[in-house]
Amino acid sequence: YAEGQQVTDNWYRRGLKVTYDAKMAPQAVDTGSMLVEHYPTAGNWQDALQVVNALSNLDADSRLDLFRLMRLTGALKDKHDYLAYVDAADPRKMSNEVLPVLAEGVQAGVLSTTDPSYQQAKSMADSRAAADKAAAASVAADARKSADGKIALGAGEDYFSFGAYPQAAEMYQLAIDKGVADRNLAYERLGVAQAMQGQFGPAKASLQQVSGARAAVAKMWLAYIDTKTGVPTPPTPPAAPGVPTPPTPPAKH
C-alpha cells in the first residue's frame, strides 16, 4: 500500500482467514477486531465473531456475551447461531432473554415453531419467564445484604435477561465491590450492560479490566464501542503467515 492509502477490508479479511487456518487465536482476535472497527458490516461481524468463537477457549458465560454481540450487530444468520445462543443463555436461567431470541429466529425464517429444539426451549422458557422477572427485585435485596458478591452477580443476570440494564449494571458493580470470585466475568458483564445503555466510556473502562480467557470477547465488545465512538488509529496489524504488513492507516479527522 502506498503511504496514506487506507487499508481495505480485503486485507483484514485475508489476515483473518490466514490466522484462522493457522489456529493463531490472539492474532485472529486482533485482526478480527480491526476488521469490524473499520468495516462494521453484519457479514464482517459474523466472520470475525465466528472465528473468535472457534479459536478461543470460551466457557458458556463468555460465549453468551459473544452471541449477544452477534445479535446486536446483525450477525446471527442461521439456525445453528440462534440455537447456540439459546443454549449458551440456557432457558432455565435466562428465560426472558431466550424468548425474544427464539422469536427473532422465527421472524428471520431460520427457526421453525414445529422444530423440537425450538419447542423444548420455548416451553422451558415460557414456564419460568414471569416468575424469574418477578423475583429479580427480591434477589437484588438479598444481594445487598449478602457478605459476598455471588448473589449480586446472579441478580445482575436476572435483570439483564429482561433488558433492565441499569439495574443489571448496579448489581454487577455490587458483585465486584463485594469481592465476587470471578471478577473477569463481573467486569465483562458490567461492560456489556453499560454498552447496552450507550454508556460507552464507562463500558470501555469496565471491559479493559477483563483479562485471561475472557479477554477475547471483551476485546470484540471494545471494537463495537469504537464503532460507536470513533475508531482510533490502530497499530500496525500483526503479520500473519503469507500476509504482508501494510502501513498504519492515517487517523480519520
**OP:** Just reorder 183, 63 by solvent-accessible area, largest first, 1.4 Å probe, all chains present.
**Re:** 183, 63
**OP:** May I ask you to derive the relative contact order of the chain, considering only C-alpha pairs under 8 Å and at least 6 residues apart, and to give it as an integer percent?
**Re:** 21 percent
**OP:** Please give the peptides 89-98, 49-58, 129-138 ranked by average Cβ packing (other Cβ atoms within 10 Å per residue), highest first, as a rough proxy for protection.
**Re:** 89-98, 49-58, 129-138
Subject >> Alpha-carbon centroid distance for the pair the range 51-105 / the range 159-189, whole angstrom >> reply: 19 Å
Subject >> Heavy-atom SASA rank of 190, 99 (probe 1.4 Å, accessible area, largest first) >> reply: 99, 190
Subject >> Inter-label distance, nm, simple model (7 Å from Cα along the C-beta direction), residue 209/residue 141 >> reply: 2.7 nm
Original post:
Using heavy-atom solvent-accessible surface (probe 1.4 Å) with all chains present, what is the largest-first order of 62, 117?
Top reply: 117, 62
Original post:
Convex hull volume of the Cα atoms in the range 103-143, per residue, in Å³?
Top reply: 85 Å³
**OP:** Using every Cα-Cα pair within the chain, state what percent have a distance larger than 32 Å.
**Re:** 25 percent
**OP:** Pop out the carbon and sulfur fraction of the accessible area of the chain as a percent, whole number, probe 1.4 Å.
**Re:** 51 percent
Subject >> Helix-derived mean residue ellipticity, 222 nm - over the chain, DSSP H n ≥ 4, -39500 (n - 2.57), to 500 >> reply: -21500 deg cm²/dmol
**OP:** Show which lysines lie in cross-link reach of residue 17 when reach means a straight Cα distance below 20 angstrom and same-chain residues fewer than eight apart are skipped.
**Re:** 77, 219
**OP:** Might you tell me the accessible area per residue for the chain, computed with a 1.4 Å probe and given in Å²?
**Re:** 45 Å²
Subject >> Theoretical FRET efficiency, 1/(1+(r/R0)^6), r = Cβ-Cβ of residue 17 and residue 130, R0 30 Å, to 0.05 >> reply: 0.05
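The values are calculated or read from the model by the stated rules, or taken from the named source; none is laboratory data. Quantities reported herein were computed from a predicted structural model and do not represent experimental measurements. With ideal geometry, Cβ positions are generated from the backbone for all residues, glycine too; neighbour counts draw on all protein chains shown. SASA here: full protein model, heavy atoms, side chains in, ligands and nucleic acids out. Shrake-Rupley method; radii C 1.70, N 1.55, O 1.52, S 1.80 Å.
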